Amino acid sequence: MSPFSAVLRKDLLLEVRGGQSTVALGALSLLVLVVLVFAFNPGGGEQGAEAAAGALWVALVFSGMLGATRAVSAENENGCMRALLMSPLDRAALYAAKLAAAFIFMGIAEAASIILMVLFFNLEFDARVMRLVPAVLLGALGFAALATLLAAISSRLRGGDLVLPLLAVPMFVPALIAGVKASAAALAGAPLAGSAVWLKVLVAFDVMFVAAGYLLFEYVAGEE
Amino acid sequence: MSGRGVRLGLGLVAGALMLVALYMVFVYVPTEADQGIVQRIFYFHVPCAWVAFVSFALVAIAGIFYLWLGQQVWDDLGYAAAETGMVFCTLVLVTGSIWAKPIWGAWWTWDSRLTTTLILWLLYGGYLMLRAMAGDSEQGARFGAVVGIVAAIDVPIVIVSVRLWRTIHPAVLVTRQGGHGLEDPRMVATLLVSLAAFTALFIWLLCLRFVTLRMHTRLNALTRSLALAEAAAQDT
């Protein structure tokens, strides 16, 4: 078993046995959507679709922050991080495994949020909802890549929980703009080709941040 | 010439250039026909933006060298550049708002350049918060270097995405391109002198901050070795 799959398997096994992260992420996404429905009281039609797309991405940002923090900070308990760092495990492989775990948890939470969004914003379960998938998956990957790197920093600082959103949210802005635009177009029934430019921005963002995290993780991984 | 002499010289050059720039901005340059007196803030606004961008590029370059060579001097440079750049980035936003109110009729619009500058300001605000929380440790320096590099990677894609965001949507107000033709050669001269003055001011401030951080690093090292020596003396 490669080091990558060993760490990922451990994280997934922990999740299957305990199931805390996905439940917490799903619950947080639910709350964000409910709060945004109260805040904007969206009507139906085109405006409703735009509000729904925005709400979905706010939920993604919040659940992503929680997911990455949990994937990294779980290792800080009981000195697990020390054991991982002492093992002959490449730091980059550790990053890839943590990123994959955060991405999977976020993906599950996103699937739940999409269903809840359709219900709360009075949309239909049809092809339009399926067209959300590429943008949301790319966004989740980008945010997981960014937040895993930053969570390794913030989990080792006193008061670090504050630093994570302060750094992650402005850095995520390009993907947020592209994601909201692509999602709104998808929900409004526009063909996927129309959002190609936004999907390209998302792909570029993902490539850049996965590469940056992969290269830079070794400088931030360490003990508390 | 000693370091102190260099700094004094830099300060004098910056001060003299700034006086010339002030004279040119308020007396020498003709008032712009369409916008009137407000346009003069442009000669402060653009140099501030230039200096802010330079300093944020410096943060990333210093971060790369710090991670590569591991010398504290690179981190001191990066930290000093971030702090100085933040001052000028704030000035860009403030002078821009003061100009926008009479010309655009609003303090703020989500124009692509404004949005990009705001994101930049937020990014480096986050960097400074991180540095303040990490304290002056080797760990804080490493975290700062990583965040500085990642932020610099982020900037091009922020620019692209914000531009796409604003051009696909019709802009509420016309872009500023029409306003700044700089038809008069005196306007160009004033802008160039202002740029020189602000660059000199930036280098001077950066030097002061950098020297302070260097002294701080040395003081920390001395305190550590003193504590070690005391502990060794107690042992014997």
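The values are calculated or read from the model by the stated rules, or taken from the named source; none is laboratory data. The shown structure was predicted, so the numbers you read here are calculated from the model rather than taken from an experiment. FYI the Cβ positions are ideal-geometry reconstructions off the backbone, even for glycines, and counts take in every protein chain you see.
For segment B:91-127, name all the residues that are part of a helix (DSSP H, G or I), farther than 22 Å from B:ILE37 by Cα and in contact with a Ser or Thr (Cβ under 8 Å, 6 or more places away or on another chain).
Matches in segment B:91-127: B:SER112, B:TRP121.
Does segment A:120-132 contain at least one residue that is facing chain B (nearest Cβ under 10 Å) and at pLDDT 85 or above? Write out each step before concluding.
Quick first cut of segment A:120-132, residues facing chain B (nearest Cβ under 10 Å) only: none.
No, every residue in segment A:120-132 fails to be facing chain B (nearest Cβ under 10 Å) and at pLDDT 85 or above.
Six or more apart or on different chains, Cβ atoms under 7 Å: show the pairs whose first residue is in segment A:143-170 and closer than 20 Å to A:MET81 by Cα and whose second is modelled with pLDDT of 85 or more and among the hydroxyl-bearing types (Ser, Thr, Tyr).
Filtered contacts from segment A:143-170: A:THR148/A:TYR95; A:GLY160/A:SER154; A:ASP161/A:SER154; A:LEU164/A:SER154.
For a quick check of your reading of the model, give me the residue pairs whose first member lies in segment B:155-167 and is within 9 Å of another protein chain (Cβ to nearest Cβ), whose second is among the basic types (Lys, Arg), with beta-carbon atoms closer than 8 Å and at least 6 apart or on different chains.
Listed pairs, sorted by first residue: B:TRP165/A:LYS181.
Among the listed residues A:VAL210, A:VAL220, which satisfies the condition of being β-branched (Val, Ile, Thr), under 30 Å from B:GLY70 (Cα atoms), at pLDDT 90 or above and surrounded by 19 or more Cβ atoms within 10 Å (Cβ to Cβ)? If you could, list the steps in order and put the result at the bottom.
Working: A:VAL220 fails: at pLDDT 90 or above.
Testing whether each residue is β-branched (Val, Ile, Thr), under 30 Å from B:GLY70 (Cα atoms), at pLDDT 90 or above and surrounded by 19 or more Cβ atoms within 10 Å (Cβ to Cβ) leaves just A:VAL210.
Evaluate the following for A:LEU150: is it facing chain B (nearest Cβ under 10 Å) and within 20 Å of the chain's Cα centre (by Cα)?
On the way: facing chain B (nearest Cβ under 10 Å): yes; within 20 Å of the chain's Cα centre (by Cα): yes.
Spelling it out, A:LEU150 is indeed facing chain B (nearest Cβ under 10 Å) and within 20 Å of the chain's Cα centre (by Cα).
Being touching a residue at least 24 places away in the same chain (Cβ under 8 Å) and closer than 18 Å to B:GLN139 by Cβ is true for just one of B:VAL46, B:VAL59, B:VAL38, B:VAL51. Which residue is that?
On the way: B:VAL46 fails: closer than 18 Å to B:GLN139 by Cβ; B:VAL38 fails: closer than 18 Å to B:GLN139 by Cβ; B:VAL51 fails: closer than 18 Å to B:GLN139 by Cβ.
Of B:VAL46, B:VAL59, B:VAL38, B:VAL51, the one residue that is touching a residue at least 24 places away in the same chain (Cβ under 8 Å) and closer than 18 Å to B:GLN139 by Cβ is B:VAL59.
Would you mind telling me which numbered condition in (1) more than 21 Å from the chain's Cα centre (by Cα); (2) modelled with pLDDT of 90 or more B:TRP165 fails?
(2)
I'd like to check something: does segment A:153-166 contain any residue that is among the acidic types (Asp, Glu) and either within 14 Å of chain B (Cβ to nearest Cβ) or in contact with a His (Cβ under 8 Å, 6 or more places away or on another chain) (or both)? Give the steps one after another, and end with the answer.
Start the filter on segment A:153-166 by keeping residues that are among the acidic types (Asp, Glu), which leaves A:161.
So of that shortlist, the ones also either within 14 Å of chain B (Cβ to nearest Cβ) or in contact with a His (Cβ under 8 Å, 6 or more places away or on another chain) (or both) come out as A:161.
Yes, segment A:153-166 has at least one match.
B:GLY70 versus (1) modelled with pLDDT under 90; (2) over 30 Å from A:ASP206 (Cα atoms): which is the lone unmet condition?
Status for B:GLY70: all satisfied but (2).
Out of everything in segment B:75-94 that is surrounded by fewer than 24 Cβ atoms within 10 Å (Cβ to Cβ) and within 15 Å of B:LEU118 (Cα to Cα), what residue ends up being farthest from the chain's Cα centre (by Cα)?
Residues of segment B:75-94 surrounded by fewer than 24 Cβ atoms within 10 Å (Cβ to Cβ): B:76-77, B:83, B:86-88, B:90-91, B:93-94.
Now restrict to residues that are within 15 Å of B:LEU118 (Cα to Cα): B:86-88, B:90-91, B:93-94.
Values: B:MET86: 5, B:VAL87: 6, B:PHE88: 5, B:THR90: 8, B:LEU91: 9, B:LEU93: 12, B:VAL94: 14 Å.
Taking the candidates together, the pick is B:VAL94.
For segment A:7-51, name all the residues that are of a type in the set (Gly, Ala, Ser), assigned to a helix (DSSP H, G or I) and touching a residue at least 60 places away in the same chain (Cβ under 8 Å). Please lay out each step first, then the result.
At the first step, the residues of segment A:7-51 found to be of a type in the set (Gly, Ala, Ser) are A:18-19, A:21, A:24, A:26-27, A:29, A:39, A:43-45, A:48-49, A:51.
From what is left, the residues that are assigned to a helix (DSSP H, G or I) are A:18, A:21, A:24, A:26-27, A:29, A:39, A:45, A:48-49, A:51.
Those that are of a type in the set (Gly, Ala, Ser), assigned to a helix (DSSP H, G or I) and touching a residue at least 60 places away in the same chain (Cβ under 8 Å): A:SER21, A:GLY26, A:SER29, A:GLY48, A:ALA49, A:ALA51.
Does any residue of segment B:65-75 turn out to be within 14 Å of chain A (Cβ to nearest Cβ) and in contact with a Gly (Cβ under 7 Å, 6 or more places away or on another chain)?
First, pick out the residues of segment B:65-75 that are within 14 Å of chain A (Cβ to nearest Cβ): B:65-70, B:74-75.
Those still in the list that are in contact with a Gly (Cβ under 7 Å, 6 or more places away or on another chain) too: B:66, B:75.
Looking through segment B:65-75, at least one residue is within 14 Å of chain A (Cβ to nearest Cβ) and in contact with a Gly (Cβ under 7 Å, 6 or more places away or on another chain).
Being surrounded by 20 or more Cβ atoms within 10 Å (Cβ to Cβ) and out of contact with any Ser or Thr (no Cβ under 8 Å at 6 or more places or on another chain) is the filter here, so list the residues in segment A:33-49 that pass it.
From segment A:33-49, those surrounded by 20 or more Cβ atoms within 10 Å (Cβ to Cβ) are A:33, A:36, A:49; that's our starting set.
Across segment A:33-49, the qualifying residues are A:LEU36, A:ALA49.
Being within 23 Å of A:VAL220 (Cβ to Cβ) and out of contact with any Lys or Arg (no Cβ under 7 Å at 6 or more places or on another chain) narrows it down to one residue among A:THR69, A:THR22; which is it?
Just one listed residue meets the conditions, A:THR69.
Which one of the conditions (1) among the aliphatic types (A, V, I, L, M); (2) at pLDDT 90 or above; (3) surrounded by fewer than 19 Cβ atoms within 10 Å (Cβ to Cβ) does B:ALA33 fail to meet, given that it meets all the rest?
(2)
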